[in-house]
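The structure under discussion appears below in the form of structure tokens.
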Amino acid sequence: MNDILFIAGITAFVMFCSIFCMMMVRWRFGEAELSKHNDVAGFIYSVVGVIYAVLLAFVVIVEWELYRDAESRVHEEVRYMASVFRDVRVFSGRPEAVAIQEEIITYTTRVINEEWPMMAEGNSSPEALRSVHRIFDFTLQLRPQNEYESIWYREIVSNLNDFSDARNQRILAGKEGVIPPFMWSVMIIGGIVTIGFSFLFGTSNSMAQSLMVGALACIITLVLLVIVAFDNPYQGIIRVKSEPFIEQLAHFKGYLCQ
């Protein structure tokens, strides 16, 4: 709810400032004077608008792909983690196998309760990382006693490495945004120019022009806010959630209760 109010507040503020500046320009130069240049201004404005629209579309597509990649890393991590939990049943009865399963449950719980809130700030949980190290240590203590167990042991080690890699990728996705400051400067200045250029048109109906300028400011602001949301995939109104971990944790506990 707070995110929605923040977005609504920012959008309303930009719309108000845009309409206010448009009215000031209209008052300063007059509708009759501004309307003399509508044809030339319209031609130039179409070029400016297309260039800015292409820039925003490009950034949104790139950010959407990165957001989906962060989401897929979460699913990959859960999938490989579940594979390790399942495959160690080949060594059922051994204390190392039980320890691996219990540590995976501990790790999953820490990710949900500790690490996920920290990822919104670009951080990770040291305790969760130590759980990963303990899972590796317990796996190293497993000793296959025949060819059958050796085959499964290699599979467990492979899934464990993939699990660790997916975790690292998930954490990296929550670090500082990928859009450099210069790109943000270009997008913000481009938005100001695009909105400001609309002030140079003269129309006989000031209310209609105010609605058009307000609508333009609204859509540009919303698109920029969408880019901000995608650039920080673990915070804000559009964020990667921990539901895959929560669902898998229920499966883990259900298995141990059998």
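Which of rounded, prolate, oblate describes the range 144-223, given a ≥ b ≥ c as roots of the alpha-carbon gyration tensor eigenvalues and a/c under 1.5 marking rounded, otherwise prolate only if a/b is larger than b/c? Because a/c hits 1.5 or more and a/b exceeds b/c, the range 144-223 counts as prolate. Just checking my list (i) 44; (ii) 61; (iii) 75 against percent of Cα pairs over 24 Å apart computed from this structure; which label fits? Checked against the structure: label (ii).
The long axis of helix 126-141 is offset from the longest Cα principal axis of the chain by roughly 30 degrees. To put it simply, the accessible area of the chain at a 1.4 Å probe is 65 percent carbon and sulfur.
Using all pairs of distinct alpha-carbon atoms, the Kirkwood hydrodynamic radius of the range 26-137 works out to 19.1 angstrom. Highest mean first, the peptides 230-241, 56-67 sorted by other C-beta atoms within 10 Å per residue fall in the order 230-241, 56-67. In terms of the Cα gyration tensor, with a ≥ b ≥ c the square roots of its eigenvalues, is the range 118-258 rounded because a/c is under 1.5, prolate because a/b exceeds b/c, or oblate? The shape class here is prolate.
What fraction, in whole percent, of alpha-carbon pairs in the range 1-57 exceed 14 Å separation? Let's see the in-between values first.
On the way: 1165 of 1596 pairs.
When all Cα pairs of the range 1-57 are counted, 73 percent exceed 14 Å.
List the residues of the range 67-95 whose backbone N lies under 17 Å from a point placed 7 Å from the Cα of I151 along the Cα-to-Cβ direction. Once the point is set 7 Å along Cα→Cβ of I151, 87-92 turn out to lie under 17 Å by backbone N, inside the range 67-95.
What number comes out for accessible area per residue over the chain if the probe is 1.4 Å? Units Å², please. Please list the in-between numbers first.
On the way: 14450 Å² over 258 residues.
Heavy-atom SASA per residue in the chain reads 56 Å².
In debye, nearest 20: dipole of the chain around its Cα centre with unit charges on the Cβ of K, R (+) and D, E (-)? Before the final figure, lay out the partial values.
Numbers: 20 positive and 28 negative charges, 72 e Å.
For the chain, the charge dipole is close to 340 debye.
The values are calculated or read from the model by the stated rules, or taken from the named source; none is laboratory data. On a predicted model such as this, the values are computed, not experimentally measured, just so you know. Reconstructed Cβ throughout: ideal geometry from the backbone, glycine too, with neighbour counts over all protein chains shown. For the accessible areas, the whole protein counts, side chains as well, though only heavy atoms, and no ligand, DNA or RNA atoms are used. Shrake-Rupley method; radii C 1.70, N 1.55, O 1.52, S 1.80 Å.
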